[in-house]
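Any read-out appearing in this document is the output of simple, stated calculations on the displayed coordinates, not a laboratory observation. Quantities reported herein were computed from a predicted structural model and do not represent experimental measurements. Positions of Cβ are generated from backbone atoms using ideal geometry, with glycine treated the same way; all protein chains shown enter the neighbour counts.
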There are 2 protein chains.
Amino acid sequence: MTPRLQDEIKQTRPFERLETEALLSVLRTSALLEHAIARALKPFGLTHTQYNALRILRGAGEGGLCGREVGERLVSPVPDVSRLLDRLAETGLIARKRDPEDRRQVKATITDEGLELLERATPALEAVQTRWLGDVGDERLRALIDGLAEVRAGG
Amino acid sequence: MTPRLQDEIKQTRPFERLETEALLSVLRTSALLEHAIARALKPFGLTHTQYNALRILRGAGEGGLCGREVGERLVSPVPDVSRLLDRLAETGLIARKRDPEDRRQVKATITDEGLELLERATPALEAVQTRWLGDVGDERLRALIDGLAEVRAGG
DNA sequence: TGACATTGCATGTTACAACATGTATCATCG
DNA sequence: CGATGATACATGTTGTAACATGCAATGTCA
């Protein structure tokens with residue numbers, strides 16, 4: 001049922017240290033999930049990062065957020081929020097305007113078109129979530145969440 | 001000590017479902033780890049994928065492996081092994097030649113230069129592993145490994 | 001043997017990531 | 001008030017990822 005990482009990547013020898021196996025497990029699992037997510041979002045013309053940015057802006061409401069704030073809220077940090085928002089603006093999913101309070105900032109807000117696309121795309125993403133995590137019990141999920149938080153605390 | 005994901009990405013509301021939090025935890029943790037790994041490998045002019053390919057070819061020994069086999073053994077699948085090996089060959093880290101047994105295949109082998117670079121780069125990667133995972137106990141690591149394997153089994 | 005599919009790899013193209021650098025606006029402090 | 005630095009964003013460049021397509025070598029089967 002649950003295959004060993006060692007077999008998945010056809011490694012002949014067992015891992016010497018538990019930490020190595022854990023590290024590679026995180027990376028491989030994430031890569032597979034990202035791939036599944038990319039496939040699910042492709043029909044909507046969105047990358048996962050773009051999808052997340054739209055969700056963040058929806059959560060921000062009318063006032064919107066500046067680029068820096070969007071960057072801080074992204075699940076996976078990206079060092080180029082300007083062009084991320086560029087592309088969303090080009091396709092009309094968000095709108096941008098200079099903040100009169102601080103003219104350095106550019107406030108981004110989600111458009112109706114963006115909201116509509118978000119609602120159409122969300123079920124595809126939930127399907128991925130259910131498929132991959134739906135059969136994992138709450139106790140295991142909790143252990144996973146806590147363990148990963150502890151890893152991140154090491155950085 | 002262990003921050004909540006919810007706070008890390010400045011989300012105001014708690015996650016509705018445990019699965020969502022687990023999914024995003026995997027993705028975020030992996031992104032942070034990949035970033036740390038990329039930084040560690042940068043002085044050696046290697047990406048993480050390239051580093052892994054070199055390790056795989058070192059493990060294969062004299063006979064080498066063909067591109068398909070390298071792809072199967074990579075932690076994170078990449079759909080372009082040809083050019084991955086191209087770059088390693090350009091910098092002299094691997095050598096390639098057609099397999100006379102099956103002329104479709106191209107056997108890749110690691111060069112002495114590749115072996116030497118691998119040995120110089122490995123400590124940097126182990127440092128990342130120790131920093132991020134060194135303080136996580138074996139029991140938690142085991143739970144992490146098992147939980148992630150169960151997630152992958154869902155796909 | 002010859003038609004057909006399959007496998008393994010190469011290559012063109014597009015989009016995006018990552019890094020460095022530039023520019024306008026704001027904050028701070030003498 | 002003016003100089004200096006910090007902040008927020010824009011932009012140029014390079015390298016790579018992802019996808020599609022094409023070609024050569026092999027396998028399959030009538």
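Over the whole of B:66-79, what's the average partner chain Cβ count within 10 Å per residue? Rounded to a whole number, please.
3
What lysines sit close enough to A:K42 to cross-link, taking a C-alpha to C-alpha distance under 28 Å and skipping anything fewer than 8 places away on the same chain?
Of all the lysines, those that pass the test against A:K42 - Cα under 28 Å, at least 8 places apart if same chain - are A:K107, B:K10.
For B:133-141, what's the mean count of beta carbons from other chains sitting within 10 Å of each residue's beta carbon?
Rounded to a whole number, the mean comes out at 6.
In peptide A:27-40, how many Cβ atoms from other protein chains are near each Cβ within 10 Å, on average?
Numbers: counts 12, 8, 13, 13, 8, 7, 9, 5, 4, 2, 2, 0, 0, 0.
Per residue, the average neighbour count from other chains is 6.
When a/c is below 1.5 the answer is rounded, else prolate if a/b is larger than b/c, else oblate, so apply that to segment B:16-59 with a ≥ b ≥ c taken from the square roots of the Cα gyration tensor eigenvalues.
It comes out oblate by the Cα gyration axes.
Name the shape class, rounded, prolate or oblate, that the alpha-carbon gyration tensor gives for segment A:69-155, where a ≥ b ≥ c are the square roots of its eigenvalues, rounded holds for a/c under 1.5, and otherwise prolate holds if a/b is larger than b/c and oblate otherwise.
Numbers: a/c = 3.39, a/b = 1.59, b/c = 2.13.
Verdict is oblate for segment A:69-155.
Please tell me the relative contact order of segment B:25-132 in percent, rounded to the nearest whole number, where contacts are Cα pairs under 8 Å and at least six residues apart.
Rounded, it is 29 percent for segment B:25-132.
Whole Å is fine, so just give me how far the alpha carbon centre of segment B:1-47 lies from that of segment A:91-155.
Centre-to-centre distance over Cα atoms comes out at 13 Å.
What is the fewest-to-most order of B:V26, B:V78 by other Cβ atoms lying within 10 Å of their Cβ?
Fewest to most other Cβ atoms nearby, the residues stand as B:V78, B:V26.
With axes computed from alpha carbons, what is the tilt in degrees of helix B:138-153 against the longest principal axis of chain B, rounded to the nearest 10 within 0 to 90?
Once rounded, the angle reads 70 degrees.
Counting other beta carbons within 10 Å of each Cβ, put B:E62, A:E19 in order, fewest first.
Working: B:E62 6, A:E19 19.
Taking fewest neighbouring Cβ atoms as first place, the list is B:E62, A:E19.
What do you get for the angle between helix A:81-90 and the principal long axis of chain A? Use alpha-carbon atoms, 0 to 90 degrees, nearest ten.
Result, in degrees: 60.
Which value in nm describes the separation of the simple spin-label points at A:D99 and B:A127, placed 7 Å from the Cα toward the beta carbon?
Between A:D99 and B:A127, the label points sit 3.7 nm apart.
Any idea what the B:E16 label distances to the other copies are, label 7 Å down the Cα→Cβ vector, nm, shortest first?
4.8
In the P(r) worked out for the protein assembly as shown, what percent of Cα pairs fall beyond 28 Å?
Summing the P(r) tail past 28 Å for the protein assembly as shown gives 46 percent.
If I take R0 = 22 Å and measure r between the Cβ atoms of A:V78 and A:R39 in this structure, what FRET efficiency does the formula 1/(1 + (r/R0)^6) give, to the nearest 0.05?
Working: r = 20 Å, r/R0 = 0.92.
Taking R0 as 22 Å, the efficiency between A:V78 and A:R39 is 0.60.
With a/c under 1.5 counting as rounded, go ahead and sort segment B:102-150 into rounded, prolate or oblate using the C-alpha gyration tensor (a ≥ b ≥ c being the square roots of the eigenvalues; past the cut-off, prolate if a/b is larger than b/c, else oblate).
Because a/c hits 1.5 or more and a/b fails to exceed b/c, segment B:102-150 counts as oblate.
Nm distances between the label at A:E139 and the same-position labels in the remaining copies, 7 Å along Cα→Cβ, shortest first?
Here A:E139 shows inter-copy label distances of 1.4 nm.
What value in Å³ per residue do you get for the convex hull of the alpha-carbon atoms in chain B?
154 Å³
Taking a point 7 Å out from Cα toward Cβ as the label site, list the nm distances between B:R4 and the same residue in every other copy, smallest first.
Going from nearest to farthest copy, the values are 3.8 nm.
With axes computed from alpha carbons, what is the tilt in degrees of helix B:112-133 against the longest principal axis of chain B, rounded to the nearest 10 within 0 to 90?
Helix B:112-133 sits roughly 10 degrees off the main axis of chain B.
Which chain B residue puts its Cβ closest to the axis that rotates B onto A, and at what distance in whole Å?
Result for the axis mapping B onto A: B:S30, 2.
Rank by packing, highest mean first: peptides A:7-17, A:89-99, with packing defined as the count of other Cβ atoms within 10 Å averaged across residues.
A:89-99, A:7-17
Can you put B:H48, B:H35 in order of Cβ neighbours within 10 angstrom, beginning with the fewest? Intermediate values should be presented prior to the final figure.
Values: B:H48 18, B:H35 14.
Fewest-to-most ranking of B:H48, B:H35: B:H35, B:H48.
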